[in-house]
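One structure is given here, and the rest of the page talks about it.
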Ligand code: SF4
């Protein structure tokens with residue numbers, strides 16, 4: 001019997017939830033197919049297929065869907081609404097309307113599973129969601145329960161690896177192949193830099209024009225949102241009088257508080273997409289907080305489809321030079337007073 005092919009675009013929620021869904025569908029006897037890592041081709045396809053005012057990540061999602069659509073029987077495109085038990089916190093509106101946007105923009109799509117992901121209500125919301133998704137594949141009963149349990153185990157391991165600082169793609173590959181990942185070697189660095197932002201910007205090296213490789217060559221240790229232990233991230237909520245409406249924005253702002261207050265970093269870089277509505281507020285909040293805590297130098301890197309390596313690297317190099325100079329001055333002051 002031929003296996004049903006389920007398509008999972010390698011962007012947006014791929015970077016945080018792929019291990020769960022890969023395991024779930026595979027355990028149900030399906031074959032999971034992803035698009036290739038982002039290239040100029042995926043971006044061009046996305047730009048062609050999307051409305052003009054969409055942000056870069058949404059254009060890219062369209063590009064990945066267009067690349068995948070002929071290779072699969074079903075596209076998995078969950079409607080991401082809420083993943084926590086917080087009534088007021090939702091995904092960015094662009095995520096909420098994504099399946100409709102894709103249907104309206106791209107022709108000749110295969111069948112789409114666009115089950116709503118709302119984990120804010122009920123006793124076992126994730127299990128309920130899995131049951132509904134499985135029903136669309138005509139799977140029921142114990143096999144679904146088993147697939148759900150395996151998927152959850154795989155996802156837990158994945159999250160653990162991220163907190164340990166394992167690179168996202170390496171952690172994804174390891175958990176789905178059932179390999180053990182070893183914690184990265186101790187990194188000797190003179191500069192610790194928090195690189196904060198949404199996972200689909202931070203972990204897609206085409207979108208951020210190889211920022212992490214560049215930092216590695218410069219001997220800089222990057223710290224990301226996903227490296228903050230979940231309970232420590234949650235604990236930062238107390239520093240804001242009111243939570244923001246958007247899930248990823250709350251994670252980014254809480255990680256900012258964490259790195260500023262608890263794990264000292266030399267600087268903060270906010271990686272954002274040009275034209276991102278939620279980030280207009282997030283960026284300002286981060287900047288203000290960095291100013292109040294220290295101050296700690298803060299840099300915003302705004303990405304769009306025209307972003308080139310040269311522009312990003314020049315700014316990063318200048319920022320790091322400034323951080324090193326600052327550190328030298330601090331050391332001189334201390335040695336004069338010592
Ligand atoms: S949060 Fe910003 S970058 Fe992400 S999808 Fe929404 S508008 Fe686009």
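The values are calculated or read from the model by the stated rules, or taken from the named source; none is laboratory data. Remember, it's a predicted structure, so these values are computed and weren't measured experimentally. Note that each Cβ is placed from the backbone with ideal geometry, even for glycine, and that neighbours are counted across all protein chains shown.
Things to note:
- Any hit, the stretch 32-49, residues being within 14 Å of the ligand (Cβ to nearest atom), within 19 Å of residue 201 (Cβ to Cβ) and in a helix (DSSP H, G or I): yes
- Selection of the stretch 91-109 for residues being away from the ligand (no atom under 16 Å from the Cβ) and crowded, with 16+ Cβ neighbours inside 10 Å yields 106, 109.
- Going through (1) buried (at least 16 other Cβ atoms within 10 Å of the Cβ); (2) within 19 Å of residue 13 (Cβ to Cβ); (3) under 15 Å from the mean Cα position of the chain (by Cα) one by one, residue 223 falls short only on (2).
- Of all residues in the stretch 12-27 being part of a helix (DSSP H, G or I) and within 16 Å of the ligand (Cβ to nearest atom), the one that is surrounded by the most Cβ atoms within 10 Å (Cβ to Cβ): 14
Matching residues to (1) outside the structural domain of residue 264 (by TED's automatic domain parsing); (2) touching a helix residue (DSSP H, G or I) at 6+ places or on another chain (Cβ under 9 Å); (3) surrounded by fewer than 15 Cβ atoms within 10 Å (Cβ to Cβ):
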{"position": "195", "(1), (2), (3)": "no, yes, no"}
{"position": "217", "(1), (2), (3)": "no, no, yes"}
{"position": "237", "(1), (2), (3)": "no, yes, yes"}
{"position": "242", "(1), (2), (3)": "no, no, yes"}
{"position": "246", "(1), (2), (3)": "no, yes, no"}
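- Test result for residue 160, part of a helix (DSSP H, G or I) and without any contact (Cβ under 8 Å) to a residue 60 or more places away in the chain: yes
- Filter pass, residue 63 being over 18 Å from the mean Cα position of the chain (by Cα) and within 16 Å of the ligand (Cβ to nearest atom): no
- Considering the stretch 182-193, and only residues there that are outside any strand (DSSP E or B) and either modelled with pLDDT of 95 or more or surrounded by 11 or more Cβ atoms within 10 Å (Cβ to Cβ) (or both), the residue that is farthest from the ligand (Cβ to nearest atom) turns out to be 190.
- Residue within the stretch 130-143 that is touching a residue at least 40 places away in the same chain (Cβ under 8 Å), more than 13 Å from residue 28 (Cβ to Cβ) and surrounded by fewer than 19 Cβ atoms within 10 Å (Cβ to Cβ) present: no
- Single match in 202, 176 (criterion: touching a residue at least 24 places away in the same chain (Cβ under 8 Å), at negative phi and surrounded by 17 or more Cβ atoms within 10 Å (Cβ to Cβ)): 202
- On inspection, residue 298 fails the criterion of being over 18 Å from residue 241 (Cα atoms) and within 17 Å of the chain's Cα centre (by Cα).
- Taking first residues from the stretch 286-305 that are assigned by TED's automatic domain parsing to the domain that holds residue 243 and over 15 Å from residue 195 (Cα atoms) and partners that are assigned to a loop (DSSP other than H, G, I, E, B) and at pLDDT below 95, the Cβ contacts under 7 Å between residues at least 6 apart in sequence or on separate chains come to 304/274.
- Look at the stretch 92-103: where a residue is outside the structural domain of residue 275 (by TED's automatic domain parsing) and a partner is surrounded by 19 or more Cβ atoms within 10 Å (Cβ to Cβ), sitting 6+ places away or on another chain with Cβ atoms under 6 Å, you get 92/246; 92/278; 94/58; 95/80; 99/77; 102/65.
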